[in-house]
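No value in this document is a laboratory result; all are computed from the given coordinates. Since we're looking at a predicted model, the values are computed, not measured. As a convention, Cβ positions derive from the backbone with ideal geometry for all residues, glycine included, and neighbour counts pool all protein chains shown.
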Amino acid sequence: MALNALKHCARLTSGQAGRVHSVFTRACNLLMPNGELWVVQTREMPLAPNGIIVDVDDLRLRFIAGTSVACLPRGGDVSMLGSTPVSTQLISAGNAANLRRFASALSVFLAGQPCNGIRLALQQEPALADVYQRFTRWLTNGEGDVVPLLRFLIGRGEGLTPSGDDFLVGVLLVMENWQHPRLSLLRRAIPPLLLATTDISREMLGHACQGRYSQHLLALMATPAVNFPAVAGYGHTSGLDMLAGMAAAVSVLYPSYFKLHVR
């Protein structure tokens, strides 16, 4: 019996089949013929940039690695009939006033969070701390070559989405929303380096370079104070690592406000 899709990323088209790349309780990654990863997600998950939310709680009971999964307008393994298309494209709406509000809310929130993930690594690893300082200088004034710094960060850490990659997603989100002048340079520099990380993280960073983000990150740009906990609770440390990246970018855009709680 087909799983009923509740909502899906608007750029996805039904009538396609992919192979199950990996399956977890709340997410099943499908490798599509064009090389993209689509992700079927359980109903409580935030919609991913290439996501399809289905009306179940445990996907391990429905999918097996290596098998084919058809996403069809009706029937198949995932039925898109009645599913709501949702854009995962960020529409930049940053200005000086909401930057101040975001910086204030982020500072207060991070001050109350445990120091783990990349923020802990910054205290324990001098090489990472040096790269962080050089990276923020590049964000500030374009000093130096960003490629070696990205090569150090991309793929750094454990898990399906390493901490360095999550950090960069947070940086990109803030840079795009508030139109940082070096956004386009960073977007061009990241993709050639993505073979250094996991395939799932490669997909995530690739989408971020195209301005596509998970729904909980898009919601954060609209109403930060309400949505910080949802982002912070995402994954083991992924959400907090993304917030650390946002903090790094905010500290460059609004240096008079606060020095980041990443050190």
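Choose one of ALA93, GLY239, LEU150: the residue whose Cα lies farthest towards the positive end of the charge dipole of the chain (beta-carbon charges +1 Lys, Arg; -1 Asp, Glu; about the Cα centre).
Projecting each Cα onto the dipole axis, the largest value belongs to ALA93.
Based on the inverse mean of 1/r over its pairs of different Cα atoms, what is the Kirkwood hydrodynamic radius of region 1-85, in Å?
12.2 Å
For the chain, what is the Kirkwood hydrodynamic radius in Å, using each pair of distinct C-alpha atoms?
Numbers: mean 1/r = 0.0529 Å⁻¹.
Roughly 18.9 Å, rounded to one decimal.
As a test of understanding, state the convex hull volume per residue of region 121-190 from its alpha carbons, in Å³.
On the way: hull volume 6.0 nm³, N = 70.
Dividing the Cα hull volume of region 121-190 by its residues yields 86 Å³.
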